[in-house]
Structure formats: C-alpha cells, structure tokens
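Written below as structure tokens is the structure these notes are about.
The values are calculated or read from the model by the stated rules, or taken from the named source; none is laboratory data. Note that the coordinates shown come from a computational prediction; the quantities given were computed from them, not determined experimentally. Because the Cβ atoms are built from the backbone with ideal geometry, glycine has one as well, and the counts that use them run over all protein chains shown.
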Amino acid sequence: MLLASDLATAQTHRGEAMTDASTASRTMTATIGNAPGGKYLTFMLGEEVFGVEIIKIQEIIRMQKVTRVPRVRDYVRGVINLRGKIIPIIELRRKFGMEPQADTDKTCIIVFHVNGEDGVCIMGIIIDEVKEVQNIGSENIEPPDFLSGGIGNDFIMGIGKVGGEVKILLDIDRILTTAELAQLAKVE
C-alpha cells in the first residue's frame, strides 16, 4: 500500500535534487543500466510487476477523462488539465507493445518529472494497478545485461528480486526517446 509519507519524502528529495541540474544529470547518467537501491513504487501492467524510483513521482491520480490530440503516436492517449497545467498522458501498455485493455476502477495515472535534454517536463503514464512502495536494496538488483542487445530496452535500469518475485525497474527518464519527449513538449 502506498504511504503518503513515502510520497511526501520522495517529493522533498525530488525538489532538492531538481535545484541542481548538473547533479540530476550526473545521477541520471550513473543509473543507466545500474539501478540504485532505494524506494520504488511498484505497479502492474498485465501480469508483470514494474517499479519506478519514488523520487521521480509527483503524484498518483485516479483515471480521468483524457482529451485526445490528433496526429500523435498511438501510445499517447492525449492530455489532461491538472490544476491548470496541461499534462501529456502515455499509455504504457501500448508503448511496451502490450495488448490494450479497457480502463478499470484500479487504472490510474502516475505523474512524473522527466529529465530530458531540454530540461524537466511533466508527463503521466497510465498503469493497470498500483501495488506498493518497496525498499529494494542494491544487493537485490541485477543489471539488465542480458537485454543489452535488445533494441529499445535501455529504459530498464535493473531487475529487482523481492521475496522470490521479479520486478522490472524502469528508468522513467528513458522511457521516451529525445525525439518523443520533444514531440510531447509541443503537446503541452
């Protein structure tokens, strides 16, 4: 279960990290293919469990009406108005080549701060279900070396092992390519 205190702590740390862009850039470079230990929000897409560093999360919101935007990639569901700010929304299932499914009462949007070449942007991803916040030690994270030949898998930071289960740890800054982020910036 997601604890408000975990998210509040992550937001405080994220705010501190974002005050120094060079530090954020060095951190991002250091974690590619080498996931740091720490707190991860885990969530479901189909039968698979994924995790993202909680420090990247702005908030988690219930599914809401998404306004479609013409002539964008198929995995971009559209945009929402979040307290006066237009936020692009990505269907992570489509981005990962999974079968789309209808939204349920467990479907939600995770809003992130994403570091791109042009600075920080805000985007949301649609996921099937939030699971929990888990502390995953670096000793329980394997690098995704076996995926090194895979095209488009550079967004996987590592594979977490927790109680006999496997969690695919994502680098949210690398889910979208530079060109895709630039296209989303135009949608905002």
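A few points about this structure:
- Matching residues, region 43-79, being surrounded by fewer than 16 Cβ atoms within 10 Å (Cβ to Cβ), outside any loop (DSSP other than H, G, I, E, B) and of a type in the set (S, T, N, Q): Thr67
- Residues in region 96-116 that are of a type in the set (S, T, N, Q) and in contact with a helix residue (DSSP H, G or I) (Cβ under 8 Å, 6 or more places away or on another chain): Gln101, Asn115.
- Pairs linking a residue in region 173-185 that is within 16 Å of Ile110 (Cα to Cα) to a residue that is at pLDDT below 70 and surrounded by fewer than 20 Cβ atoms within 10 Å (Cβ to Cβ), with Cβ atoms under 6 Å and 6 or more positions apart or on different chains, are Asp173/Met28.
- You will find that of Gly119, Gly124, Gly97, Gly84, the residue that is closer than 20 Å to Ile156 by Cβ and of a type in the set (Gly, Ala, Ser) is Gly97 and no other.
- Counted residues, region 118-153 - those being modelled with pLDDT under 80 and small (Gly, Ala, Ser): 5
- Of all residues in region 89-105 being basic (Lys, Arg) and without any contact (Cβ under 8 Å) to a residue 60 or more places away in the chain, the one that is surrounded by the most Cβ atoms within 10 Å (Cβ to Cβ): Arg93
- Asn115 satisfies every condition listed in (1) part of a strand (DSSP E or B); (2) within 17 Å of Leu170 (Cβ to Cβ); (3) modelled with pLDDT of 90 or more except (3).
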